[in-house]
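Let me begin by presenting the structure, written as structure tokens, before commenting on it.
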Amino acid sequence: MIHRAGTEIVNWYLLEEDGRVTIVDTGCPGYRPQLEEALQQIGRTIDDVEAVVLTHAHIDHVGFAQALQDQRGTPVFAHQAEVPQATTGKAPKTEGSVLGAMRHRTGRKVIFHIVRNGGARPPKVSRVESFVDGAELDVPGHPRAIHTPGHSPGHCVLHVAAEGALFAGDALCGWNTVTGRPGPILPPPAFSNSMQRARASLERIAAIDAQTLYYGHGDPWTGGTAAAVAEARSREAEG
Ligand SMILES: [Zn+2]
Ligand SMILES: [Zn+2]
């Protein structure tokens, strides 16, 4: 089963199988206190958590991964191309400017939210287990990683076939995190490494057989991957 946690700005997830739990993304650094409550809601405890899997290594997805690794020794997984950012906190260049994003009310809200929640200093993880495109991860829920670069170089979506679910990370968003425009939509250039690669990755997402998309930002989409991609293509991301 899948449980959504976080805030109206940033989502993170619990993926549970046979009483064991994988955390998919860890929100903002300041979200650490949310973990116990989220686990309680599915009748689990911290002892049931076996792994963290990151869709990508942006501040609002690496979140409390290091805190958890320090406290519990929890392994943290990311695609091999995402390891440099995950371990150093240094983000690759983006196509748009964050200053430009600040001109939008939604952009300011998102940035201030992340900063207020421990994101002023980018989080990093000292030990990251890397995986490659197509890998089925040996963690609860057994997600399969599909490399969908663009938003960041090692971005992956995570397919959980048994749940008919896809963790979309920021390959697609429920709303544009700069302009606030509703999705499904590509994330804005201000927060993305290569819009061209992000567009090309939509092809891979459309080919995945999953009904529900769980975004890093926004409410889940239940209309299937192909329709989500068609909608995203009809909207050009801005901001
Ligand atoms: Zn991101
Ligand atoms: Zn994000």
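Applying the condition of being polar (S, T, N, Q), outside any loop (DSSP other than H, G, I, E, B) and more than 13 Å from ligand 1 (Cβ to nearest atom) to segment 56-109 and asking which residue is farthest from the chain's Cα centre (by Cα) yields Gln71. Of all residues in segment 183-200, those that are more than 12 Å from ligand 1 (Cβ to nearest atom) have Cβ atoms under 7 Å from Cβ atoms of residues that are of a type in the set (Lys, Arg), 6 or more apart or on another chain, in Ile185/Arg235. Among residues of segment 209-220 being within 16 Å of ligand 2 (Cβ to nearest atom) and not hydroxyl-bearing (Ser, Thr, Tyr), the one that is nearest to His61 (Cα to Cα) is Gly216. Number of residues in segment 203-239 that are within 16 Å of ligand 1 (Cβ to nearest atom) and either free of Cβ contacts under 8 Å to residues at least 24 places away in the same chain or assigned to a helix (DSSP H, G or I) (or both) equals 2. Residue count for segment 207-223 under the criterion of being of a type outside the set (S, T, N, Q) and either over 18 Å from Ile146 (Cα atoms) or over 18 Å from the mean Cα position of the chain (by Cα) (or both): the result is 8. Among the candidates Glu136, Glu129, single out the residue that is of a type in the set (D, E, K, R), touching a Pro at 6+ places or on another chain (Cβ under 7 Å) and more than 13 Å from ligand 1 (Cβ to nearest atom). Exactly one residue qualifies, and that residue is Glu129.
Residues considered: Ser130, Ser152. Of these, the only one that is of a type in the set (Ser, Thr, Tyr) and surrounded by fewer than 16 Cβ atoms within 10 Å (Cβ to Cβ) is Ser130. Residues of segment 54-83 that are of a type in the set (D, E, K, R) and either within 15 Å of ligand 2 (Cβ to nearest atom) or touching a His at 6+ places or on another chain (Cβ under 6 Å) (or both): Asp60, Glu82.
Only the coordinates and a few stated rules stand behind these numbers; no lab work does. Everything quoted here is computed from the prediction, not taken from an experiment. When we count neighbours, we look across all protein chains shown, and the Cβ atoms used for this are built from the backbone with ideal geometry, even at glycine.
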